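The values are calculated or read from the model by the stated rules, or taken from the named source; none is laboratory data. Because the structure is predicted, anything quoted here is derived from the model rather than measured. Quick reminder, even Gly has a Cβ in these numbers, built from the backbone with ideal geometry, and neighbours come from all protein chains shown. Side chains included, ligands, DNA and RNA excluded: accessible areas come from the protein's heavy atoms. Shrake-Rupley method; radii C 1.70, N 1.55, O 1.52, S 1.80 Å.
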Amino acid sequence: MKLCITGGGTGGHLAVAEALANAAVENGLEVIFIGSTSGQDRDYFGSHNSFTHTYFLGTTGVVNQRGFAKVKALWRVIKAFFISRKLLKKHGIGATYSVGGFSAAPASFASISRGIPLFIHEQNAVEGRLNSLLKPFSKRFISAYDEKSPIKGYPVKEEFFELARTRQEIKTVIFLGGSLGAKSINDLALSVAVELRDLEIKIIHQTGKIDFDRVKNEYDKLGVEVELYAFTKEMPQLMSKADLAVSRSGASTLWELCANGLPALFIPYPHAASDHQYYNARFIVDNNMGWCQREGSDIKSLFISLLHENLLQKSRALQEHSEKAIAQKMILDLISQEE
């Protein structure tokens, strides 16, 4: 069988696409990718070995556009739809897996128009608008948050499971600002740095590239020793050293923390579409596996109150809630549906 994987725009969507592609190849499938020239798609998969072919079409997001810009964006999607139809026929695609994001629209609609089975992975607790529109036409709709989902889990790299451990007391805190940085998280880290030092709690801090110099200078002024990164690909190793995380609640990071058994205080990005980061974090809180606090509230007081928490129950619950090889299960499910 030949499989098309489509979608992306952000690292979260693309990480799922990568996991699915690797699992598909391991199971003997040929895989192509259809994404966009906008977002991170080309950077992520420009030279990815799991795909026999990669295509980046000239699409942009539609939902957040207004007036003529929205018309122009829709026209780009329509043109990409017809290109996608040709590509699906050219490669003899037997099924399409959408990982969401605006770049999934052309190939997803093209698949439906050609009668090609469409499988969807929803990465957030709140369904994206495109996924909600496509859901009635899909053969499978997979979500880690939905009890009705035939597969309950989120594709996470094996390293996070391999380096997992059960936490109890807090000796090291990791602050995760993401690749672009999160000023509220960076500022929180600086505001508690002296107290953490006095409690002999080590600090690991990933600031994001934009805010790195400012944060480094502030730590130097405070005289606080810190393991500081602008950006790093060694996240499994860094998480494994920490006992508590402070993080945004994008889906990929959230489920990586789960797999690693690392409890977190989530500070959702307030401008995320449909407030999905807040609802991602609420899923963790509602299952008694972590904490969540919105920006603008008294985050520092909550954080300080957590430093003497016994993390055993939450750390165990996180590991119990995470399953390995979800991408493998998704691909095997697809194969079984198409046999």
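Which of rounded, prolate, oblate describes the stretch 148-214, given a ≥ b ≥ c as roots of the alpha-carbon gyration tensor eigenvalues and a/c under 1.5 marking rounded, otherwise prolate only if a/b is larger than b/c? Oblate, because a/c is 1.5 or more while a/b does not exceed b/c. Could you state the angle between the C-alpha long axis of helix 67-90 and the longest principal axis of the C-alpha atoms of the chain, as a value from 0 to 90 degrees rounded to the nearest 10? Roughly 60 degrees, rounded to the nearest 10.
Full extension of the chain between Leu306 and Ser132 gives 58.9 nm of extra length, using 0.36 nm per residue less the Cα-Cα distance. Relative to the 2.2 N^0.38 Å rule of thumb, the chain has a C-alpha radius of gyration ratio of 1.03. Take each peptide in 131-141, 106-116, 14-24, count the other Cβ atoms within 10 Å of every residue, and average; sorted highest first, the result is 14-24, 106-116, 131-141.
In the chain, the longest principal axis of the Cα atoms and the axis of helix 326-338 are about 20 degrees apart. Taking a Cβ cut-off of under 13 Å around His53, the surrounding Lys, Arg, Asp and Glu residues balance to a net charge of +2, with basic ones at +1 and acidic ones at -1.
Length gained on full extension, Asp146 to Ser274, computed as 0.36 nm times the residue gap minus the Cα-Cα distance: 44.4 nm. The alpha carbon gyration tensor of the stretch 96-239 gives principal lengths a ≥ b ≥ c with a/c of 1.5 or higher and a/b greater than b/c, which makes the shape prolate. Among residues other than Ala24 with Cβ under 14 Å from its Cβ, the summed charge is -3 (Lys and Arg +1, Asp and Glu -1). Do any GluC sites (Glu not before Pro) in the stretch 119-196 lie in a loop, going by DSSP, with at most 11 other beta-carbon atoms within 10 Å of their beta carbon, and if so which? Here the GluC sites (Glu not before Pro) that fit, given the DSSP loop and packing criteria, are Glu147.
Note on Leu199 and Lys171: their simple-model spin labels are 1.6 nm apart, each label 7 Å out from Cα toward Cβ. Just check the stretch 1-149 against the gyration tensor rule for me: Cα atoms, a ≥ b ≥ c as the square roots of the eigenvalues, rounded for a/c under 1.5, and otherwise prolate or oblate depending on whether a/b exceeds b/c. Rounded, since a/c falls under 1.5. Charge tally around Cys4: other residues with Cβ under 12 Å, Lys/Arg +1 each, Asp/Glu -1 each, net +4. Placing a pseudo-label 7 Å from each Cα along the Cα-to-Cβ vector at Ala325 and Ser113 gives an inter-label distance of 3.9 nm. Residue separation of Ile210 and Glu227 scaled by 0.36 nm, minus their Cα-Cα distance, works out to 4.4 nm of gained length. Summed over the residues of the stretch 95-212 and divided among them, the accessible surface reaches 42 Å² per residue at a probe radius of 1.4 Å.
Taking the square roots of 5 times each eigenvalue of the Cα gyration tensor of the stretch 167-320, largest first, gives ellipsoid semi-axes of 22, 18, 15 Å.
Within the same chain, aspartates and glutamates fewer than 8 places from Lys139 are excluded, and of the rest, those with a Cα less than 16 Å from its Cα are Glu122, Asp333, Glu338, Glu339.
Between 0 and 90 degrees, the angle of helix 251-260 with respect to the longest Cα principal axis of the chain falls at about 60 degrees.
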